[in-house]
Amino acid sequence: MPEIVLFVIALSVAIAMAMHRSPLWLWAGFIAVITFVVQSGLLHGSFAMPSPGIAGMLAWLPALALGLLSVPALRRAVLVEPLFGVVKGILPKVSDTEQQALDAGTVGFDAELFSGQPDWNKLRAIPAIQLSDEERAFLDGPTEELCAMIDDWNVRFENKLIPDAIWDFVKRHGFLGMLISKEHGGLGFSAQAQSMILGKVASRSPDVSTIVMVPNSLGPGELIEKYGTDEQKHHFLPRLARGEEVPCFSLTGPTSGSDAATMRDIGYVARGVHEGAETLGIRLSWDKRYITLGPEATLVGLAFRLFDPENLLGKGEDVGITVALIPASHQGVNIGRRHLPSGAAFPNGPNWGKDVFIPMDWVIGGEKMVGHGWRMLMECLSAGRAISLPSSSTAGAKAMLRFTTAYARIRKQFALPIAHMEGIEEPLARMVETAYVNEAARAVTAAMVSRGEKPSVISALMKYQTTERMRQSVNDAMDIHGGRAICDGPSNYLQSAYQMVPVGITVEGANILTRTLITFAQGALRAHPYLYAEVQAAQNPDRRAGLAAFDAAFSNHIAFSVSNVAGAFFHNVTGGLFGDAPAKAYGTADWYRQLWRASRSFAVVADLMVATLGGGLKTKQKLTGRMADALSELYLVSCVLKRFEDDGRPEADKVIVDLAAQNGLYRFQQALGGVVDNFPATWARLLMRVVVFPLGRRLKPAPDRLGREAVRLVLEPGDVRDRLTRDIYVSKDVRDPTGILEVTLEKVIAAVPAEKKLEKAIRAGTVRRFHGMDWFQEAADKGVLTADEAEQLREVERLVQKVIAVDHFDPAEVKPNFAMVGHNSRALDNVAAE
């Protein structure tokens, strides 16, 4: 028994010391004390030191070794320096383009999650949604007016292009210059405002949202604003803000899609003639495709690899990726015909050129910025990817929820609203969760960008998570609407979202790539508290300086790792009971503790992955994809808790918070469990299992009860429904396919008492309901309904029939226009030519 007591005490003290990152000398003293107690006989109430045999002497070696290693000079000579050489071969090599991508973004709350000990005060310090009076007026004024103008069927089917009236409106009101500063003629709106404006437009028309999104995302406007010369800023920015120039940005080519850094588009520094005078410039050849706004562009942003064979710039032969701005009318620039991405109407197409000469001052930023194009693009993408697609995906999820809950409450089968059927309730609960989670994360991420952050890791996970969750919501909406959704026409309000989903999944880094190669792989380097410093030290050409930096980073890393292993084990054994929660976390303290526990587990697994896989991390994409999923759930649930607080902790929303948090943590467990189960190193897999799942995988998805309660909250007009779908376009015009949903829902709810009386009479056989009969009049004649109630239900019936109606066409209206269905596309011409 004394031995057991000593073991428990020693283990408890060791865990506490590890969690608090005790120094080596303290560990040496602790082990020495334990060794002394065991050998001295104190456990049995006596003190008699035995003669030290070989075993007894060996027992003191751990304490002695740790004591010696606590001497910095000795530790460096004996341990760190030999390891330094080994680690140089283990740690992943960072390429020049990867280095620029890593340097481009900033680290924020993602680092807290990688640390295993998130500081909740940093999360709370991120501002809630804040708009200036001018921004709010623009959202409620011109943005609302633009949405009301849009005829989605006309845009995406009848004309398959954005009408001139829409183009004129967005140009006149400055939609194309939201991110351009007021100094240069733009609106100078915050990232939060841009996100909300783009979202509202997207909830009405993804096509129209796209033409607003691109100039305000990764494009010439942002690049000139941040990196352009004064002459470029004064000339181009006012013209872009007023819509006098329509920009596109050409990055993707036939051989460089997700791997854009391998582009074959090339420029050579050369002398040539421009506007009648000889000048230093660049001779370009390129072939780009999938360029949004390309067919309408007057100004082409172009990314290419620049070479300088004669070293005219003094930067060597391979200068690097460079970005230039070329008028579409410039000689040699070819603007191709249109692609039709998923049949969408927004302009998108190829452009190309061969031996096109441009002056050097057409490089964005001028000669001093040649070769810096990849860094410029990554810096803009880190911020832009956090705004554009998350805003449109979030708006899409909110719109799908609002439309579908209305339809499911209005539509009846088996004598009850289909929303009350459990089979429909299940996807509706998913849609409620997605709308709440996406908006929570969108608002937090946009606030980060608004205060100057460029969250590269968070923007990557936001891109793939929000678009994937929107895809699920769109599919759920389609399933619930059934035939009403698949029959296209002017009254179909789902098809535009359904068509655009694959576009969002694909652009700005295809989701497969973003999930498996970017989010965790870059996050492990950028957001880990010590790994990036170790990589930089290992790659430092100055060995002495590298060794010194490595010693500091490695020592801290070891303490960090031991602390997280001990902390994760402790919090997993105790079920997160002692996890950290912020002050005044009313109603959510338990979820904060569970997040703290989960973050500890994530940090342990992330550390072991990097330590064991090293440079092979990028090849284990199934594992890195699961780690990206786990990190995403930590971030998204954190945002859910923050949103609840920022919204003032409305009691009615608590059930939605519980639904989202429980499901998110369950998905986190499954993702991390998938890493543990499939980890290639047996010893690490066993350690992960003991530390992360000492009592098994005990988290469960949210119970059906929570989903049912959440769905019932949004089936009727009210505050919860409005909060869940805030800041999207909501029509109340019965001539609008979504407006009639809103009007009908209100009238259906108001008519419930009269409807119950009528249904009871029909079941009893007192009133018959068949085509060709006026059952409302019959019910009134028989005293089942009053005359007013009969008229009320008659009106509801008329509205319901319009809601559930589908479009049909004369065959001549839908006959293909064979003049447009040619087989002489440029792609086939190229193949033939080659």
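The values are calculated or read from the model by the stated rules, or taken from the named source; none is laboratory data. These numbers were taken from a predicted model, which means no experiment stands behind them. Glycine also receives a Cβ, built like all others from the backbone with ideal geometry; neighbour counts cover every protein chain displayed. Areas reflect the complete protein model, heavy atoms only, side chains present, ligands, DNA and RNA absent. Shrake-Rupley method; radii C 1.70, N 1.55, O 1.52, S 1.80 Å.
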Kindly check whether there is at least one residue in segment 362-384 that is touching a Pro at 6+ places or on another chain (Cβ under 9 Å), more than 20 Å from Phe304 (Cα to Cα) and crowded, with 24+ Cβ neighbours inside 10 Å.
yes
Is it the case, given these coordinates, that Asp168 is part of a helix (DSSP H, G or I), at pLDDT below 95 and of a type outside the set (Val, Ile, Thr)?
no
Tally of residues being without any contact (Cβ under 8 Å) to a residue 40 or more places away in the chain, outside any helix (DSSP H, G or I) and over 30 Å from Gly783 (Cβ atoms) across segment 734-767:
2
Report, by residue number, each residue of segment 335-360 that is small (Gly, Ala, Ser) and either under 29 Å from the mean Cα position of the chain (by Cα) or part of a strand (DSSP E or B) (or both).
Ser342, Gly343, Ala344, Ala345, Gly349, Gly353
How do the pairs read when you match residues in segment 231-257 that are free of Cβ contacts under 8 Å to residues at least 40 places away in the same chain and surrounded by fewer than 22 Cβ atoms within 10 Å (Cβ to Cβ) with residues anywhere that are part of a helix (DSSP H, G or I) and of a type outside the set (Lys, Arg), using Cβ under 6 Å and keeping only pairs 6 or more apart or on different chains?
Ser256/Thr262
With on the phi > 0 side of the Ramachandran plot, open to solvent by less than 50 Å² (accessible area, probe 1.4 Å) and not β-branched (Val, Ile, Thr) as the only criterion, which of Gly576, Gly523, Gly546 stands out?
Gly576
Are there any helices (runs of 4 or more DSSP H) wholly within segment 179-237 with 1 or more residues that are farther than 30 Å from Gly343 by Cβ and in contact with a Ser or Thr (Cβ under 6 Å, 6 or more places away or on another chain), and if so which?
191-204
If you go through Gly281, Gly320, Gly316, Gly267, the only one that is in a strand (DSSP E or B), among the small types (Gly, Ala, Ser) and modelled with pLDDT under 95 is Gly320
Conditions: (1) open to solvent by less than 30 Å² (accessible area, probe 1.4 Å); (2) of a type in the set (D, E, K, R); (3) closer than 24 Å to His372 by Cα; (4) over 25 Å from the mean Cα position of the chain (by Cα). Glu222 meets all but one. Number of the miss?
(4)
Which residues, taken from segment 506-536, are within 13 Å of the chain's Cα centre (by Cα) and of a type in the set (Gly, Ala, Ser)?
Gly509, Ala510
Return yes or no: is Leu377 farther than 18 Å from Met500 by Cβ, in contact with a strand residue (DSSP E or B) (Cβ under 9 Å, 6 or more places away or on another chain), at pLDDT 95 or above and not in a loop (DSSP other than H, G, I, E, B)?
no
Candidates Ala447, Ala435, filtered to the one that is of a type in the set (Gly, Ala, Ser) and crowded, with 24+ Cβ neighbours inside 10 Å:
Ala435
Count of segment 695-736 residues which are on the phi > 0 side of the Ramachandran plot and either touching an Asp or Glu at 6+ places or on another chain (Cβ under 9 Å) or of a type in the set (A, V, I, L, M, F, W, C) (or both):
1
Scanning segment 768-789 for residues that are open to solvent by 60 Å² or more (accessible area, probe 1.4 Å) and of a type in the set (D, E, K, R), the one modelled with the highest pLDDT turns out to be Asp788
Just one of the numbered conditions (1) touching a residue at least 24 places away in the same chain (Cβ under 8 Å); (2) under 30 Å from Ala598 (Cα atoms); (3) within 28 Å of the chain's Cα centre (by Cα) is not true of Asp677; which one?
(1)
(1) open to solvent by 10 Å² or more (accessible area, probe 1.4 Å); (2) farther than 29 Å from Met149 by Cβ; (3) at pLDDT 95 or above: which one isn't true of Ser203, the others all being true?
(2)
If you go through segment 176-199 one residue at a time, how many are touching a residue at least 12 places away in the same chain (Cβ under 8 Å) and either hydrophobic (A, V, I, L, M, F, W, C) or surrounded by fewer than 24 Cβ atoms within 10 Å (Cβ to Cβ) (or both)?
16
Scan of segment 188-211 for residues that are within 13 Å of Gly177 (Cα to Cα) and of a type in the set (S, T, N, Q), ordered by number
Ser190, Gln194
Set Lys782, Lys732, Lys756: member being closer than 30 Å to Cys147 by Cβ and of a type in the set (Lys, Arg)
Lys732
Residues in segment 589-609 that are in contact with a Pro (Cβ under 9 Å, 6 or more places away or on another chain) and surrounded by fewer than 24 Cβ atoms within 10 Å (Cβ to Cβ) total 3
